[in-house]
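Here the structure comes first, spelled out in structure tokens, and everything after it is commentary.
The values are calculated or read from the model by the stated rules, or taken from the named source; none is laboratory data. Everything numeric in this text was worked out from a predicted model, so none of it was measured. Backbone-built Cβ (ideal geometry, glycine too); neighbour counts: all protein chains shown.
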Amino acid sequence: MFSRLFMIPLLPLLGAAYLMLFGRRHSRAVVQTLASLTVFASFVIAADAFFFALPKVVHQGGISELVYTWFSAGTVDVDLALRMDALSGLLCLVVTFIGALIHVYSAGYMAHEHDYPRFFAYLNLFCGAMLTLVLGDSLPVVFIGWEGVGLASYLLIGFWYKETANASAGKKAFITNRIGDFGFLLGTFLIFRATGTLDIPAILDSARTGHALAAPLWLGQPVAFWAGLFFFVGAAGKSAQIPLYVWLPDAMAGPTPVSALIHAATMVTAGVYLVARMSAVYMVAPAALAVVAIVGAVTALFAALIGFAQNDFKKVLAYSTVSQLGFMFVGVGTGNFAGGIFHLFTHAFFKAGLFLCAGSVMHAMSGSGDITQMGGLAKRLPWTTRVFQICWLAICGVPVFSGFFSKDAILGGAFATEVYGHGLAWVGPLVGVLLGLAALGTAFYMSRLYFLVFTGPCRASDEVKHHIHESPVSMVFPLVVLAAGAALSGFVGVPPALRELVGKHGESTLSVWLEPAVGAPLEISHAIEWAGMGVSTLIALSGIGLAYVFFGGGYRAPAHAFVHALPRFVALVRDKFRVDELYAFLFIRPLASLCRVTFQYVDRILIDKILIGGWAFLADLGGRICRFVQVGDVQRYLAVFVIGLTALVWIAARPTAPGEVEVVVENHTARITLLDTPSSPDKLTYSFDFDGDGIPDRASATPTATWVYSGPGHYTASVFIEDARWHTRRTFKQDIDIR
Amino acid sequence: MPGYCYILVSLALFFIGTAGVLLRRNALFVLMSLELQLAAGSLALLTFSRGLGDEKGHVVAFFVMALAAAEAAVGLAIVVSVYRTRRKIDLDAINELRN
Amino acid sequence: MNLMASAPGLLEKVAFVVLAASALGGALLTITRKSAEGALIALVGTFCAVAGLYASLSAHFLAVLQVLVYAGAIMVLFIFAVMIVNREETQPIALRGLFLRAASVLATGYLFYRVAWIVVREKQTDVLASSAALPIPGFGTVASIGHLLFTDFLFPFESISILLLVAVVGGVLLSRPSRPGGDAI
């Protein structure tokens, strides 16, 4: 029972539910233990499945499990089904492992927090949702997780909601994500329309062997292109690429463990996961991959540039995350799916480590993240410093550390890719060059961060200096584990060229492992590989060296000179190229005006006054009418009775017109028919006087009679209706002209 | 005279009686108007009875008269009784069911 | 007995007009008087005129009864009641509000108009004329009505007498003094 797949997301979700309902009743120790335990239990189950059960079936599509049939609608059955295959299993492990670590870290970091249980409930909720996303076997299930992590992200960013800025940041994240979600849905709809199914294995199968997804849709591009594009919009929202990255820096308003878990290691990688998952679909339309790669590369470079001028520790790391996600997208966008996932894997370790170091440093600096006030912390925070150094070297791509291998895989793949075909062959090298520049930038700004925070004299005030201290064990322990991961996790992805040196052949362990899920790894010639490794190392060392020139041991002369020379440019970069302001101008202000107008006219006037007030007025009117009647005054009752009777008579029994007489004249013959005869239970006799002398000429029981006139002239005919019982007679006159 | 003339008179009497019932405050006036209405009805009955040659109309008018007498007696007794306790007989002043 | 054996002559028309005018005039006076006594007198006049109309319809027995019972007994009852309830009216017209009053009058008038319209439109042509020959000899006399009362209508006749008994008892009960030994008035 405990080794079923659905326990993996279920345990954290149950933990979240329990903590939300009953968390306040327990002590902090219990809350923290329970929360960490659920995620750790998920990790154990996932590891058990991953290492023992999965290898047997990984070539047949992995372990799949149907929980229950959610609903059937028409031709499609949507099941709540989970699948652990090579790709999702790897991500499961990452999420649960790092998730568990962060839970432990949070126990120490959030120790002074008032709303303790709520935080852990939300963390558990996030883990559950992320695991649902990763393990989902059909697009609706993935979407559940997708939305769930968006929700958890919103809740956690705005955790300290009493500050308006935090709440706004949460809102911004959610809304931007929502735009991405719309793209996800559009992609889903297109795929469903083309293939008729929502199950991922069936979709991938159709992509590999069928023709539905290759059929042209709009602008000559196949369905797969548009679906891929829409999915990428969703991915851009979730994984903070241009143009939907703006929420991630603001998300730093949340507690640091949140930033580490969600906005570095796991949630933001959901977009990359999605593209990798849909690899077969993307391979049908290389143009979509080109878009992914280009956007990724441009984002990587752009974010790196912004990172040059940020003065808040976590903001630097936020832009770094955006940039590194761009790297991952370049990886998957060049058809190098294994490479992109590899970087996701290593990035999780070193970025989480960097964020937790940030937490540690901010904890020491009494909550401030301003690096202009830091410096020389290496002496006071030994453990933090060492962990930071390892992670820093990893992210810069210094050899042996994990980042080196993963970045190298991506860079090499960019130049060596053949996935685009002839028309778009220029994309690969272009993207590679951009990425190289971005890597240089990465090295530069991360080193800047290191130098400004940990080296040189301390620029903080005395009071703050006094408080600087290393973090407790509960915080240091996860740091160390992550540092170990940052250092060693690269070795699962050692490229073939290096493997030959130690006598092993073939592709890297990771590429081989992921092959059943994402397809064959990219073949990169050894020459390009060695060149790539050399260039990467060069870039990394140059970046660090350049940063040392500017910032080694604090702000140095070249830094000041640069700022003096180009003050406006520096300000522009520091203001993140004013993209938020641009969005505000283009989108937010018009929407706000629309809202205001709608509120004033529709809400206030139409709805409140007319619709609601109107009903109230009508109810009041009805009441008045009833009150009028119920006075107990008999004469008033009688008066109403008589008036009502009059009204009835007026409406229902209008005095009828005298009745219609129809005359048909042929030659000298006239036939009169009385239409609209009065109804009477008694027998009526009709007599007709045709020549106008008053004496009836014809009598009949039916209201029709005929008469032949002797000559032309103008006659007045009369019809008499007699009632024998009541002795009444009615007369109708009609003029007849005979020609 | 043609019958319809009598019917018109009967109608006029009846509706004058109705107006009286609706528009006079004094209970006695209401009773008087009621008698008017009854008389009007009897007139119509007798007119048709004469026209149709059937004496049953007379018999019914006879009963109507007896009923009117009984009703007037009891009604007046009630009015007097009410007057004794409340010292007024305005119909809207002796209203217990107000609002 | 039958004064108008021939077609409606001038005398008959004049008599009808006078009687009808008296009846309607008396009725109008009744409902418009401020004092109850005046209204009573007008009502007596109306009843007498109506009795005359009955007579012109060959309903002789009922004409006499009308004078005896209505104009006689019932009106006397009313006079007694008016004498007992002896007060000025502050506000003679019922129904608060001009709207209701006007609406009542208009409604009554409209209903009269509608029914009258039908009546006039369906003018009877012959037989309801009161000047036609008597359908039966002895139409409307005490003997023939009495005969009907004691044969075809015996049961209602007896029931009416019980009803009158009940009315008498009710009247006596209602006018008893509320406190034992109290004043009867």
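Looking at A:529, A:463, A:500, A:515, can you tell me which residue is under 41 Å from the mean Cα position of the chain (by Cα), farther than 22 Å from residue A:300 by Cβ and of a type in the set (Asp, Glu)?
Only one candidate passes the filter, namely A:515.
Please work out if residue A:399 is surrounded by fewer than 19 Cβ atoms within 10 Å (Cβ to Cβ) and assigned to a loop (DSSP other than H, G, I, E, B). Full working, then the answer.
Numbers: surrounded by fewer than 19 Cβ atoms within 10 Å (Cβ to Cβ): yes; assigned to a loop (DSSP other than H, G, I, E, B): yes.
Judged against the criteria, residue A:399 is a match.
Among what's in segment B:17-56 and is basic (Lys, Arg) and part of a helix (DSSP H, G or I), pick the residue that is surrounded by the fewest Cβ atoms within 10 Å (Cβ to Cβ).
Step by step, filter segment B:17-56, then rank; the result is B:56.
Does residue A:539 satisfy the criteria of being touching a residue at least 40 places away in the same chain (Cβ under 8 Å), buried (at least 16 other Cβ atoms within 10 Å of the Cβ) and within 24 Å of residue A:90 (Cβ to Cβ)?
no
Could we say that residue A:657 is modelled with pLDDT of 75 or more and of a type in the set (Gly, Ala, Ser) here? Quick ask: steps written out before the conclusion?
Numbers: modelled with pLDDT of 75 or more: no; of a type in the set (Gly, Ala, Ser): yes.
No, not satisfied.
Which residues, counting only those in segment B:42-56, are of a type in the set (A, V, I, L, M, F, W, C) and more than 7 Å from every other protein chain (Cβ to nearest Cβ)? It would help to see each step written out before you state the result.
Keep residues of segment B:42-56 that are of a type in the set (A, V, I, L, M, F, W, C), which gives B:43-46, B:48, B:52.
Listed by number, the residues that qualify are B:44, B:45, B:48, B:52.
Which members of segment B:57-92 meet the condition of being in a helix (DSSP H, G or I), more than 7 Å from every other protein chain (Cβ to nearest Cβ) and either touching a residue at least 40 places away in the same chain (Cβ under 8 Å) or within 15 Å of residue C:54 (Cα to Cα) (or both)?
B:57, B:60, B:64, B:75, B:82, listed by residue number.
All but one of (1) under 34 Å from the mean Cα position of the chain (by Cα); (2) surrounded by fewer than 22 Cβ atoms within 10 Å (Cβ to Cβ) hold for residue A:434; which doesn't?
Among (1) under 34 Å from the mean Cα position of the chain (by Cα); (2) surrounded by fewer than 22 Cβ atoms within 10 Å (Cβ to Cβ), the lone unmet condition for residue A:434 is (2).
Among the candidates A:352, A:348, A:358, single out the residue that is surrounded by 24 or more Cβ atoms within 10 Å (Cβ to Cβ), within 17 Å of residue A:249 (Cβ to Cβ) and modelled with pLDDT of 90 or more.
Exactly one residue qualifies, and that residue is A:358.
Look at residue C:103 and say whether it is farther than 22 Å from residue B:64 by Cβ, more than 8 Å from chain B (Cβ to nearest Cβ) and at pLDDT 90 or above.
Judged against the criteria, residue C:103 is a match.
Determine if segment A:29-49 includes at least one residue that is touching a strand residue (DSSP E or B) at 6+ places or on another chain (Cβ under 9 Å) and either in a strand (DSSP E or B) or not acidic (Asp, Glu) (or both).
yes
Among the listed residues A:571, A:559, A:592, which satisfies the condition of being at pLDDT below 85, assigned to a helix (DSSP H, G or I) and loosely packed, with under 13 Cβ neighbours inside 10 Å?
The match here is A:571.
Checking the structure you have, find out if any residue of segment C:58-78 is at pLDDT 95 or above, surrounded by fewer than 18 Cβ atoms within 10 Å (Cβ to Cβ) and not hydrophobic (A, V, I, L, M, F, W, C).
Looking through segment C:58-78, none of the residues is at pLDDT 95 or above, surrounded by fewer than 18 Cβ atoms within 10 Å (Cβ to Cβ) and not hydrophobic (A, V, I, L, M, F, W, C).
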